[in-house]
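Here is the structure we will look at.
The values are calculated or read from the model by the stated rules, or taken from the named source; none is laboratory data. Bear in mind the structure is a predicted one, so any value in this text is a computation, not a measurement. A quick note on method: Cβ atoms are made from the backbone with ideal geometry, for glycine too, and the neighbour counts reach across all protein chains shown.
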C-alpha cells in the first residue's frame, strides 16, 4: 500500500516535470547553475576516486576484467526482465531471461557469457526507457551528485528501478527471492563495480572529450540525451536534422 | 633550368594530390581514407608536425567542414549576417582541424575495419565500421555519414560513435555557449579561437 502511495506521488511529480518540456529530442535545464556546480563536484570526485580506480582496473589481466564486466552485466539484466514485460517486448524478454539463465548457470554466476555465443544479445532496459517507450518526454535535465546526468523522467525511473529490480529487492530491501537474499553492501558493491568498469572502458573516450570540448558540461549533456534517445528507440537515426541543412 | 624546375614542382604536386585521391564509392572511400590516416599517424619516421600537416590536408579535402560548421551553428546560421558567418567558418575550420588531429592521434594504434554501407538517399550513405583498440579495450562501432550529392567527390559530414553523433554533440555544445551569451556569435568565435591557440 505504501509502495502504491509512493508511486502515485512520483507519477504526479513526473507528470508536472515532463509537462514543462514535453519534447522528446531535447531537454531544457531544470536548474543549470546548480547542475553545473554538481557537475564540477562530480568531476573532482572522478579525478580523485573514479579515474584512479578505473586506471588500476584497466591494469588487471584481461580475463579478470572481462569476467567482472560479464558478472555486473548479467546482474544488470535482471532489471531488463520486468521492463521488457512492461514494454510488451516479448522477443527481448525471451532474450533477457534466456541470457540470464544461461550465463548464471553455464556461465558460472555470469562470469562467462556463453549466451552471446549462441546469439543472445539482449538490450539493457530500465524504467526511464520504459516510460520513454510510452511516449513520455525526458522532462528537464539536471545532474545528480555522484550518479551524474539525468532528466526528470530518468531520475524518477531511477527511483522506481530500485523497486522493480529483483536484485535491489533481495539486496537493498533484504527480501528473499527464490531462496536467495543479500544486503545493501552487495547492491552498492555491484553498482560501484559497474561504474568502475564503465569508466575503465571509456578511459580514452573521456580523456579525448575533456581535451577537445569547449564546454564539457554541454558535451556530456548532449551525449547523455542522445544515448537515452537511442536506447528508447533501440536504434539511431538523425537524417532529418541533416536534411534541413540541404534545403 | 627554370622550366625544368616548374616541371618538377608540377610533377611533385600532381603526385602528392593523386596520392590523396580516394575511391568515389563511399565504403572504399572511408576505408582507404581512415587506413591512410592511421598508417601515417603511427609512422615512426614522421614527426608530429608532418603528421599534423597530413591530417589537415586530407581533412580539408575529404571532410565537408563548411557544411559541418553551418550545421553546428544551428538556427543562428539563418539569422547571422554574411560577415559573421564567414568569420565563424574560418574559426570553426581551425578549431575542427585541431580537435580532429587530437582525436585521431588518440585512436591511431587501433585496428580499423569497414563493415558495410547503407545508402540512405541520393545525398547520404552511412558507412558502418568498427575500431578495435590495440590495448584490448572493447570494440567501438563507428558510422560515417558520407555526403554523396556529387558522386565523384564524396565528403564526410559526421561520425557516429556508438550511436552518438559528433556533429550533434558539437552543435549542442555550441548552442549552450550561445544561449548563455545572448546568442552572440562573436563570443562563440572567441571561444573557438581560444581553443585553437591553446
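Among the residues of the range B:90-108, is there at least one that is out of contact with any helix residue (DSSP H, G or I) (no Cβ under 8 Å at 6 or more places or on another chain), facing another protein chain (nearest Cβ under 8 Å) and assigned to a loop (DSSP other than H, G, I, E, B)? Full working, then the answer.
Initially, the range B:90-108 is screened for residues out of contact with any helix residue (DSSP H, G or I) (no Cβ under 8 Å at 6 or more places or on another chain), giving B:90.
After this cut, where a residue has to be facing another protein chain (nearest Cβ under 8 Å) as well, the list is none.
No, there is no match, as no residue in the range B:90-108 is out of contact with any helix residue (DSSP H, G or I) (no Cβ under 8 Å at 6 or more places or on another chain), facing another protein chain (nearest Cβ under 8 Å) and assigned to a loop (DSSP other than H, G, I, E, B).
Checking each residue of the range B:157-171 against the condition of being buried (at least 19 other Cβ atoms within 10 Å of the Cβ), within 18 Å of the chain's Cα centre (by Cα) and over 25 Å from residue B:131 (Cα atoms) gives no match.
Is it the case that some residue within the range B:184-192 is outside any helix (DSSP H, G or I), more than 8 Å from chain A (Cβ to nearest Cβ), surrounded by fewer than 20 Cβ atoms within 10 Å (Cβ to Cβ) and modelled with pLDDT under 90? No, that holds for no residue. In the range A:94-127, of all residues being under 19 Å from the mean Cα position of the chain (by Cα) and surrounded by fewer than 16 Cβ atoms within 10 Å (Cβ to Cβ), the one that is nearest to residue A:158 (Cα to Cα) corresponds to A:124. On inspection, residue B:38 fails the criterion of being in a helix (DSSP H, G or I), closer than 18 Å to residue B:93 by Cα and modelled with pLDDT under 90.
For the range B:110-163, a tally of residues being at the interface with another protein chain (Cβ under 8 Å from one of its Cβ atoms), within 17 Å of residue B:37 (Cβ to Cβ) and in a loop (DSSP other than H, G, I, E, B) returns 1.
For residue A:173, the test of being touching a residue at least 60 places away in the same chain (Cβ under 8 Å), over 20 Å from residue B:142 (Cβ atoms) and more than 9 Å from every other protein chain (Cβ to nearest Cβ) is failed. When the range B:34-55 is examined, which residues are found to be farther than 16 Å from residue B:99 by Cα and out of contact with any strand residue (DSSP E or B) (no Cβ under 8 Å at 6 or more places or on another chain)? Those that are farther than 16 Å from residue B:99 by Cα and out of contact with any strand residue (DSSP E or B) (no Cβ under 8 Å at 6 or more places or on another chain): B:36, B:39, B:40, B:42, B:43, B:44, B:45, B:46, B:47, B:50. From the residues in the range A:223-232 that are surrounded by 21 or more Cβ atoms within 10 Å (Cβ to Cβ) and closer than 26 Å to residue B:191 by Cβ, which one is farthest from the other protein chains (Cβ to nearest Cβ)? Among those that are surrounded by 21 or more Cβ atoms within 10 Å (Cβ to Cβ) and closer than 26 Å to residue B:191 by Cβ, it is A:225.
In the range A:31-50, which residues are touching a helix residue (DSSP H, G or I) at 6+ places or on another chain (Cβ under 7 Å) and either buried (at least 18 other Cβ atoms within 10 Å of the Cβ) or without any contact (Cβ under 8 Å) to a residue 40 or more places away in the chain (or both)? Break it down into steps so the answer makes sense when it comes.
Going through the range A:31-50, the residues touching a helix residue (DSSP H, G or I) at 6+ places or on another chain (Cβ under 7 Å) turn out to be A:36, A:39, A:50.
Listed by number, the residues that qualify are A:39, A:50.
Exactly one residue out of B:88, B:71 is surrounded by 19 or more Cβ atoms within 10 Å (Cβ to Cβ) and over 15 Å from the mean Cα position of the chain (by Cα): that is B:88. The lone criterion from (1) touching a strand residue (DSSP E or B) at 6+ places or on another chain (Cβ under 7 Å); (2) at pLDDT 90 or above; (3) loosely packed, with under 15 Cβ neighbours inside 10 Å left unmet by residue B:139 is number (2).
Regarding the range B:109-125, can at least one residue be identified that is in contact with a strand residue (DSSP E or B) (Cβ under 9 Å, 6 or more places away or on another chain) and within 28 Å of residue A:216 (Cβ to Cβ)?
Pass one, the range B:109-125, residues in contact with a strand residue (DSSP E or B) (Cβ under 9 Å, 6 or more places away or on another chain): B:110-120, B:123-125.
Then keep just the ones that are within 28 Å of residue A:216 (Cβ to Cβ); that gives B:110, B:112.
Yes: one or more hits.
Between B:126, B:115, the distinction of being out of contact with any helix residue (DSSP H, G or I) (no Cβ under 7 Å at 6 or more places or on another chain), surrounded by 14 or more Cβ atoms within 10 Å (Cβ to Cβ) and modelled with pLDDT of 90 or more belongs to B:126 only. Of the residues making up the range A:176-220, those that are within 11 Å of chain B (Cβ to nearest Cβ), touching a helix residue (DSSP H, G or I) at 6+ places or on another chain (Cβ under 7 Å), outside any loop (DSSP other than H, G, I, E, B) and buried (at least 16 other Cβ atoms within 10 Å of the Cβ) are A:197, A:200, A:203, A:204, A:208, A:209, A:212, A:216, A:217, A:218, A:219.
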